[in-house]
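Here the structure comes first, spelled out in structure tokens, and everything after it is commentary.
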Amino acid sequence: MPLQLSLPTIRPVSGPLSEVEADLLVVGCFQGEPLRGPASALSDEAQSLVRDLSEGGSLKARAFDAEWIYPAPGAVTRIQLLGCGKPVDYDMRVARRLASAAARTARLKKVGRVCLALPSPKGVSPSRFAAVVADGIVSGMFGSNLYKERPNEGYPEQVLVWSDGEPDGPADALDLGRRLGEQVNFGRWLGDEPSNIMTPERFADELAARAAELGVECEVLDEAAIRAGDMMSLLSVSQGSARAPRVVVLRYNGGEGPLTAFVGKGVTFDTGGISIKPAADMHYMKYDMCGAATAVAALFALASLGAKANAMAVVGLVENMPSANATRPGDVVRAANGKTIEVINTDAEGRLVLADVLDLARKRGAERLVDIATLTGAMKVSLGTVATGAMGTPDEWLDEVVAAARRVGERIWPMPIYPEYFELLKSNIADMTNSGGRFGGGLAAAKFLQQFVGDTPWVHLDVAGTAYTDKDHPWQLKGATGAMVRTLVELIAPAE
């Protein structure tokens, strides 16, 4: 089971900040307007110190910059003035990350009690903001140092979330945000585990265990069941590995709305197969299962939140290895829906997995589909690590996904899926090839997936650039990010 963090209690507090008792008070300050927002609730003495720091040039309040007041006046031991950046750029995304950064600071400083006083983004309800802050706190507590000698040290015992309104209102919202953050962290943990440990079988076992905890239906298909389902496209990826594949189907019945399926690519390690990858950075290919991790984390979050919705997660779990049994470039395989595929590049394996699990989701009754995958380097070239690429049909369903991302502060950029992209997949011996080449590679990959969704509303999210980060940030250590979990939850169960 995942590393159990000693998460702090999170509760609301209001009133003058000068009366809050804490080892650390984190106050958000805007660039150019340091005393706007929560800072205006500080004592006169503390406000004078903030003014002096600002006028002296040491408090610039750029996003994630920090300045300290120590010893602090009032009941707190020290005050961190945490930069929120310019007011025009301040949104849910920044607020969540600031909460995470504050939580990380509290952990590093080994404080027992911390109070967060962050400004609420314009137009955001108090309950939604409280949930965002709690989510950020829990996310910030998570670290990828799973196999360090002391991975669990330094967690605060209590986090207070300050608001200028009544303290009782956000209490339920804080609990909801905490639950969401815990499931996001579960998905991140799946991604961060090394591939010799998080094998397809272990992955499936972990999902079955968590499903039992949350009352989610779980079906695990072993290799024999996968073969019986004619999922030869998926099996063509796993056949070079000594580790057997798994397909997991999770079902949450919340009672309302159409059945939406989250479909995830779960390549627990990707060497590229016979079309082997270069050695440099291949260790990051343990993250090639982050699409599956996102799909199941979102499903479990819906269950934990008690959402009144119907959802399913279907994930294909395989390891892509070169061996005497591996699929060769030029081989032809038949997917479960009957379409034939000429495999011209065994490193374009994720779409071979998704082809069969998308088809399975439809056969299990999915009325709407969203697939999530670290699918193409081409998408990372296009959008970098800033945004997730999105393609799908019809436009109305794509618009819903984009709108959900916008509401929770995640970045999605819609991209085209024109009929002409299928020309890149033409084969002289099969229905299609599995790779469209260098130009428009991410779009051709989406066009490939479209051949397996029929007329079911479908959106493809390519998280190749956003599923993990290879460097530390103020709000998280390097590792899996949990990108798109919040978007999927918001899509099915919008927050009030």
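Assorted remarks:
- Every condition in (1) more than 17 Å from the chain's Cα centre (by Cα); (2) open to solvent by 10 Å² or more (accessible area, probe 1.4 Å); (3) among the hydrophobic types (A, V, I, L, M, F, W, C) is met by Leu375 except one, and the failing one is (1).
- Filtered residues of the stretch 401-420 (kept if exposed (fewer than 15 other Cβ atoms within 10 Å of the Cβ) and in a loop (DSSP other than H, G, I, E, B)): Pro416, Tyr418
- Ser100 meets the conditions (1) open to solvent by 30 Å² or more (accessible area, probe 1.4 Å); (2) under 19 Å from Leu477 (Cα atoms) in every case but one. The failed one is (1).
- Flag if Leu449 is assigned to a helix (DSSP H, G or I), open to solvent by less than 40 Å² (accessible area, probe 1.4 Å) and modelled with pLDDT of 95 or more: yes
- Test for Arg128: is it open to solvent by 30 Å² or more (accessible area, probe 1.4 Å), among the basic types (Lys, Arg) and not in a loop (DSSP other than H, G, I, E, B): yes
- Of all residues in the stretch 11-26 being in contact with a Leu (Cβ under 6 Å, 6 or more places away or on another chain) and either in a helix (DSSP H, G or I) or open to solvent by less than 10 Å² (accessible area, probe 1.4 Å) (or both), the one that is nearest to Val114 (Cα to Cα): Val26
- Gln183 crowded, with 24+ Cβ neighbours inside 10 Å, of a type in the set (S, T, N, Q) and modelled with pLDDT of 95 or more: yes
- Within the stretch 452-480, the residues that satisfy the criterion of being in contact with a Ser or Thr (Cβ under 6 Å, 6 or more places away or on another chain) and part of a loop (DSSP other than H, G, I, E, B) are Val463, Ala464, Gly465, Thr466, Ala467, Trp475, Leu477, Lys478.
- Taken over the stretch 103-115, the criterion of being open to solvent by less than 30 Å² (accessible area, probe 1.4 Å), closer than 18 Å to His473 by Cβ and touching a helix residue (DSSP H, G or I) at 6+ places or on another chain (Cβ under 8 Å) is satisfied by Ala103 alone.
- Residue match in the stretch 349-358 (condition: on the phi > 0 side of the Ramachandran plot, of a type outside the set (Ser, Thr, Tyr), modelled with pLDDT of 95 or more and open to solvent by 10 Å² or more (accessible area, probe 1.4 Å)): no
- Matching residues, the stretch 465-496, being touching a strand residue (DSSP E or B) at 6+ places or on another chain (Cβ under 8 Å) and either open to solvent by 10 Å² or more (accessible area, probe 1.4 Å) or more than 30 Å from Arg179 (Cα to Cα) (or both): Thr466, Tyr468, Thr469, Gln476, Lys478, Thr481, Ala483, Leu491, Ile492
- In the stretch 255-303, the residue that is farthest from Ile344 (Cα to Cα) out of those that are open to solvent by 10 Å² or more (accessible area, probe 1.4 Å) and among the small types (Gly, Ala, Ser) is Gly255.
- Looking only at residues of the stretch 294-318 that are out of contact with any helix residue (DSSP H, G or I) (no Cβ under 6 Å at 6 or more places or on another chain) and part of a strand (DSSP E or B), we find that the one that is nearest to Leu461 (Cα to Cα) is Met312.
- For the stretch 340-382, a residue qualifies if it is touching a Phe, Trp or Tyr at 6+ places or on another chain (Cβ under 6 Å), of a type outside the set (Gly, Ala, Ser) and assigned to a helix (DSSP H, G or I), and the qualifying residues are Arg351, Leu358, Asp359.
- Every residue from the stretch 56-104 that is part of a loop (DSSP other than H, G, I, E, B) and touching a residue at least 60 places away in the same chain (Cβ under 8 Å): Phe64, Tyr90, Asp91
- For the stretch 421-446, filtered to residues that are open to solvent by 60 Å² or more (accessible area, probe 1.4 Å) and not in a loop (DSSP other than H, G, I, E, B), the residue that is farthest from Leu352 (Cα to Cα) is Glu423.
The values are calculated or read from the model by the stated rules, or taken from the named source; none is laboratory data. Remember, predicted model here, so these are calculated numbers, not experimental data. All Cβ positions, glycine included, derive from the backbone under ideal geometry; neighbour counts span all protein chains shown. These area figures cover heavy atoms from the full protein model, side chains too; ligands, DNA and RNA do not enter into them. Shrake-Rupley method; radii C 1.70, N 1.55, O 1.52, S 1.80 Å.
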